[in-house]
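Structure first, commentary second.
The numbers here are math on the coordinates, done by the rules we state, and not lab data. Quick caveat, the model's predicted, so the values are computed rather than measured. Here the Cβ is made from the backbone with ideal geometry for all residues, glycine too, and neighbour counts use every protein chain on show.
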Amino acid sequence: MTEGLSNAAPKYLEGEARNLWRRLVPILKDNFDVQLLDKTIIESICINYDIMRRSYAEINDKDGVGIHYWSESGMLKSNPAIADIDRASKNIKAGCEALGMTPKTRSEIMALMDDTADDDTDFMEELRKMAGG
C-alpha cells in the first residue's frame, strides 16, 4: 500500500535531497512495499545523500583543503568532510536495508519467499495424498 506517500518531495527537502526523493519514491512505490510509515526512512536516505554529495563537492573544491591538509601545528589531518561522507554512506545503507533495497536484503526476502513456496507445495502434496490423489 503506497497511498499517502507522495512522489513530490516534502517542501523542507532541498538540493540533492529533493532531487533524489523525486527519482527514488516512484521506483520504490513500483518495486517495493513502501508505505507512508516508511517516509522517515526515505527522508533519511535523501538527506544523507545530500550530505554525502555536498561533502564530496567540498573535498573536490579547488579552493578547499582537499582530502588532507596540514594543521597549524604541522600535523597532516583528514578533511572532516571525509567523516561526513562515511557517516552519510552508512546511514544510506542502513535506510536501504530497512526498506529491503540492498542485494543482500532482497536475496534474504527471496529466500524467505522460496521457503514459503516450498512449504505450500509440501502442504498441497500432503493434502493430495490424504485425498487419495
*³J(HN,Hα) across the range 21-35 via Karplus (A = 6.51, B = -1.76, C = 1.60, θ = phi - 60°), whole Hz, x for Gly/Pro?*
3, 5, 7, 7, 4, x, 5, 4, 5, 7, 10, 9, 8, 7, 10
*State, as an integer percentage, the relative contact order of the range 1-46 based on alpha-carbon contacts under 8 Å between residues 6 or more apart.*
51
*Starting from the Cα-Cα distance between A111 and R87, subtract it from 0.36 nm times their residue separation and give me the gain in nm to one decimal.*
5.6 nm
*For the range 83-93, what does the Karplus curve 6.51 cos²θ - 1.76 cosθ + 1.60, with θ = phi - 60°, yield as ³J(HN,Hα) per residue in whole Hz, taken in order and with x for Gly and Pro?*
5, 5, 5, 4, 5, 5, 4, 5, 5, 5, 4
*Inter-probe distance in nm under a simple model that places probes 7 Å from Cα toward Cβ, at F32 and K11*: 2.7
*Sorted by average packing, counted as other Cβ atoms within 10 angstrom per residue and highest first, what order do 66-79, 88-101, 46-59, 4-17 take?*
46-59, 88-101, 4-17, 66-79
*Label the range 1-95 by shape, choosing from rounded, prolate and oblate, from the square roots a ≥ b ≥ c of the eigenvalues of the Cα gyration tensor; if a/c is under 1.5 it is rounded, and otherwise prolate applies when a/b is larger than b/c, oblate when it is not.*
prolate
